[in-house]
Amino acid sequence: MIKRYLPLNVLLLSIPFWLLAAWNYPGGTSWNASTDGFSFTANYVSALFQPLALNGMTNTARSFAFVAMLLYATSLSVMFWLISTSYPKSIASKTVQIFGVGAMVYAFIAVTTPMHNLLTIISASFLAIAI
């Protein structure tokens, strides 16, 4: 029973870190670099992972965003693994397992490295195959 709810619990554990990251973001959007804080309608989540905020200040939200993304990716990786083990071994179960976990690994790497665009495409492709 604990194993069944593990992904949900870890996903819920990531939410406070996402909120802390948004709260600690110094500011700036693509349209106006002088705005204060993080805007859920004007900023991309990937802005939380940059060394400098869009207003040029040191991004103090980065460490919280890193932990939040690690928890998020881990929870969904475990979810895909649990889904793949819930039915008999087959090509479909291995596909869900490999591509689901792979999608989350690439998603995590995408936001923590400069190769964001390429790795986001790879992650989305893996996710589409897993689904």
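The residues of the chain present an accessible area of 62 Å² per residue when probed at 1.4 Å with all protein chains retained.
State the dimensionless ratio Rg/Rh of the chain (Rg: radius of gyration of Cα atoms; Rh: Kirkwood radius).
Checking Rg against Rh, the ratio lands at 1.06.
Helix-only mean residue ellipticity at 222 nm, the chain, DSSP H runs n ≥ 4 weighted -39,500 (n - 2.57), per residue, nearest 500. What is it? Could you put the intermediate results ahead of the total?
Details: 4 runs with 84 residues, N = 131.
Theoretical 222 nm ellipticity from helices: -22000 deg cm²/dmol.
For the range 34-131, with all protein chains present and a 1.4 Å probe, just round the carbon and sulfur fraction of the accessible area to a whole percent.
Working: 4140 of 5690 Å².
Of the solvent-accessible surface of the range 34-131, carbon and sulfur hold 73 percent.
The values are calculated or read from the model by the stated rules, or taken from the named source; none is laboratory data. Everything numeric in this text was worked out from a predicted model, so none of it was measured. Note: accessible area is taken over every heavy atom of the protein model, side chains too, but ligands, DNA and RNA are not part of it. Shrake-Rupley method; radii C 1.70, N 1.55, O 1.52, S 1.80 Å.
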